[in-house]
Structures are given as structure tokens and as C-alpha cells.
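Structure first, commentary second.
The values are calculated or read from the model by the stated rules, or taken from the named source; none is laboratory data. From a predicted model like this one, the values you see are computed outputs, not experimental measurements. Positions of Cβ are backbone-derived with ideal geometry, glycine not excepted, and every protein chain shown enters the neighbour counts. Surface accessibility is based on the protein's heavy atoms, side chains included, excluding ligands, DNA and RNA. Shrake-Rupley method; radii C 1.70, N 1.55, O 1.52, S 1.80 Å.
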Amino acid sequence: MLVFACETSCDETSLCLMENKNIVEHIIYSQEIHSKFGGVVPELASRSHLEELQEMTIKIFSKTNIEPEKIDVFTATCGPGLIGSLLVGSTFTKSLSMSLNKPFIPINHLEAHVLSTSFNNNINYPHLVLLLTGGHTQIYLMNNSNNIELLGESIDDAVGEAFDKTAKMLKLSYPGGKEIEKMAKKGDEDSFNLPLPLVNEENFNFSFSGIKTAINLLTKTNEIDIKFIRNVSASFQKTIAKLITTKLIRGIDILNNKNVFIKSISVVGGVANNMYIKNKLENLFDERNIKLYYPIKEMMSDNAAMIAWACIKNYREDKKNIFFKPQPRLKIKDEL
Ligand code: ZN
């Protein structure tokens, strides 16, 4: 099966041609226009997708020497995300499929992130998925490959959002994740004591807005020089890692008490790129004999390869749907 996939839920414009389990070609264009605003401007994101998509489509077909007529299935992200961005990508892809008289399958972006580690790993169940992105921080339980159950999520900001907002307060550039990680390397992680919201609660939920408020206060009472930026970055990163690891362990204990013994954990989404958090998780789960899975590098941040893979992995005839409606607040179990 040869699939053409398109991802435009936020500020990455991405296309992928995937044949069965083989990435034939994959292009990710990260929109730079948002950096001067310190965050994604929805209207600019939609316009940028519109400007890029056509040329990227011509490029992906010419580079691979594949005729568009050879595509078996067209697929695109249909939610959740920014409605304008979702509309541009999904309508574009749907039009292509209609002009070539080929089927179109809408894909849930969250499901694509969750399934991304099954591309390069044989998953052991029961399995937990920790989704860490700019829009979501969630924990899912999977008892088998078709069953995805949301156990908990952030009740306020997403973890990637916390990185971006902290970077902005420290006058670092957007996206903030890489910048904070770089600054943290030369900082003292014990220099500031930041709050650990919800850490002692018996549930799977996260909260990050209190950390943001604490950092905002620090920036008001300290001079924002390089030493301060490095120390806050290191303390922030340590706090985030501590929150994530503590809540995961607590979650595993809650499940143990219900006779669910987790065999493996997937860490997916852009924040999974953070090496500090990665090392903390690896040390923790090595000891407990729980396997840790990560997606391949190009499936970590938003990308069309994971959309193509979700389409191929869970392909069903009845999923073909040209009459879908993009849904900005789509949840994992919602029908498309
Ligand atoms: Zn995403």
C-alpha cells in the first residue's frame, strides 16, 4: 500500500510517501515566522501551510519519481489542532484524492503520536504511552494494539507549552525546548526550588501552570543575566523531569493495585527529544525492568510519517471518509 500523508495541525507543514513499512520520502517544514512572536500565531500558521503545501507536493513526487496516480490512499491529520491549519492540509489532500479518484482516510493526530513507537518496536502489553507535546501532556493505557484508554492529562498547560513560556520569560527564542536544554547544561539545577503541582495526588493528572507563575515571579525579582537564565533553565528542567517520573511511578503503582502490570512505556511527542528527561526516565525504568520505547527521530515532533503509519497500521475499509469534518478538539476515541 502506497500512502500520501499530510500533517498541518500546528506550525509544521509535513508530507510523507510511505509504502507499507518503508518511508519513501518525508519532508518537514518548520515554520520560522512564529519565532519573533514567542509562540504560534494561528492565522500566520494557516497562511504558511497554504504557501508551502503545493510546492512541497510537487517536490515530493518529482524527487521520488512517483506518479500521483500510483498512490493507493491519501490521508491527512483531521484533529486536534488549529482549525485553520487543519482545514488547509485536510482540504488540500482531500482534493488531491478526489481528483485522482482515490480513497481518503482522516487521521487523529493524537492516535498517530501514540502509535508512532510501533513503527520501530514490538510493543509489550500492557503498555503505557506518555505523550509530551506543545499541545498535550497525557498518559494512555494500551492493553492491546487497538485499545487506547486515556488515564490522565494536564489540567492546564501542556509540558511543551511550559517550555515555550519559560523560554519566553527568560528572553530565549521560540521554540523553547532546545534553548532551555542548552542553557540548562551550564546551570545549577538546585539553585531554585520550583513547585511540584499535583505530585502527591493519586491520579494520572499533571499541572504545569504553577511552575510558570513561580518563574514569572523570579524574573521580576532577579536580574535576567546569563547565570540566572542557565540556573532557572536547569531548575525548570529538573522540576519537569521530577514531575513526570514521579507521576509515572505513582501511575504504575495505581495500576499494580488493580492487577495491571505494565511491561513497557512509550515516550512520544516533541518533548521526548529532551536528553535530560530521557536519561532520567531510562535510569528509572532500567531498575524496574520496564522497557522504554521512543519513536524514530523524525516521528518525534509533528510529522506526516506518523500520520502515514497510523493510516497503514490500523487500515480498515470503513475508515475511508471524504465527508469528515476537521475537529480542533478531537479526542482519542472520537469518530472521524
Ligand atoms: Zn503533535
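Among LEU217, LEU172, LEU150, LEU248, the sequence by solvent-accessible area, most first, with a 1.4 Å probe is LEU217, LEU150, LEU172, LEU248. Take the chain, connect every pair of alpha-carbon atoms lying under 10 Å apart with a spring to form a Gaussian network, then pick out the residue of PHE204, PHE163, PHE285 with the largest mean-square fluctuation. Maximum among the listed residues: PHE285.
On alpha carbon coordinates alone, what is the Rg over Rh value for region 224-336, Rh being the Kirkwood radius? Radius of gyration relative to Kirkwood radius: 1.07. In the chain, a dipole from Cβ-located charges (positive for Lys and Arg, negative for Asp and Glu) runs towards its positive end, and of GLY81, ALA5, ILE180 it is ILE180 whose Cα lies farthest in that direction. Here TYR315 and ILE254 are evaluated by their C-beta separation; at R0 = 45 Å the FRET efficiency comes out at 0.85. Ranked by the mean number of other Cβ atoms within 10 Å of their residues, highest first, the peptides 83-94, 13-24 come out as 83-94, 13-24.
Within region 1-159, DSSP assigns beta bridges of which about 75% are antiparallel (rounded to the nearest 5).
Its residue count N sets the reference 2.2 N^0.38 Å, and the alpha-carbon radius of gyration of region 55-164 equals 1.30 times that reference. Applying a threshold of 26 Å to the alpha-carbon distances of LYS227/LYS247; LYS21/LYS319; LYS36/LYS212; LYS21/LYS70; LYS168/LYS227 flags LYS227/LYS247 as lying beyond it. Where the centroid of each part is defined by its Cα atoms, how far is region 123-182 from region 270-336 in Å? Distance between centres, Cα-based: 11 Å.
Take region 180-221 with all the other protein chains still there, run a 1.4 Å probe, and you get 57 Å² of accessible area per residue.
A straight chain from MET1 to ASP190 at 0.36 nm per residue would run longer than the Cα-Cα distance by 62.8 nm. The modelled label-to-label distance between LYS182 and GLU55, using points 7 Å beyond Cα along the C-beta direction, is 2.5 nm. On the chain, 49 percent of the accessible area sits on carbon and sulfur atoms, based on a 1.4 Å probe. Taking 0.36 nm per residue of separation and subtracting the current Cα-Cα distance, fully stretching the chain between LYS227 and LEU151 would add 23.5 nm. Of the beta bridges in the chain, as assigned by DSSP with both residues counted there, near 60 percent are antiparallel. Heavy-atom accessible surface of ILE226, to the nearest 10 Å², is about 90 Å², with a 1.4 Å probe and all protein chains retained.
Taking the charge dipole of region 296-335 about its Cα centre, with +1 at Lys and Arg Cβ atoms and -1 at Asp and Glu Cβ atoms, the residue from MET299, GLN327, ILE312 reaching farthest to the positive side is GLN327. Only Lys, Arg, Asp and Glu carry charge here, each on its Cβ (+1 for the first two, -1 for the last two); on that basis region 87-172 has a dipole of about 380 debye about its Cα centre.
Of the residues ASN120, THR91, PHE285, the one whose Cα sits farthest towards the positive end of the charge dipole of the chain is PHE285 (charges of +1 on Lys and Arg Cβ, -1 on Asp and Glu Cβ, taken about the Cα centre). GNM on the chain, alpha-carbon springs under 10 angstrom: the most fluctuating residue among ASP156, ASP286, ASP72 is ASP286. Protein-only accessible surface at a 1.4 angstrom probe places the residues PHE119, PHE323, PHE74 in the order PHE323, PHE119, PHE74, largest first.
If only the Cβ of Lys and Arg carry +1 and only the Cβ of Asp and Glu carry -1, the dipole of region 114-247 around its Cα centre is close to 520 debye.
Placing unit charges on the Cβ atoms only, positive for Lys and Arg and negative for Asp and Glu, gives the chain a dipole magnitude near 380 debye about its Cα centre.
Working note: Debye formula, equal point scatterers on the alpha-carbon atoms of region 279-333, no solvent; log10 I(q)/I(0) at q = 0.12, 0.16, 0.18 Å⁻¹ is -0.51, -0.77, -0.87.
Mind giving me the FRET efficiency for SER209 and GLU69? R0 is 30 Å, r the Cβ-Cβ distance, nearest 0.05 is fine. With a Förster radius of 30 Å, E is 0.05.
Direction-averaged projected area, Cα convex hull, region 113-200: 7.7 nm², rounded to one decimal.
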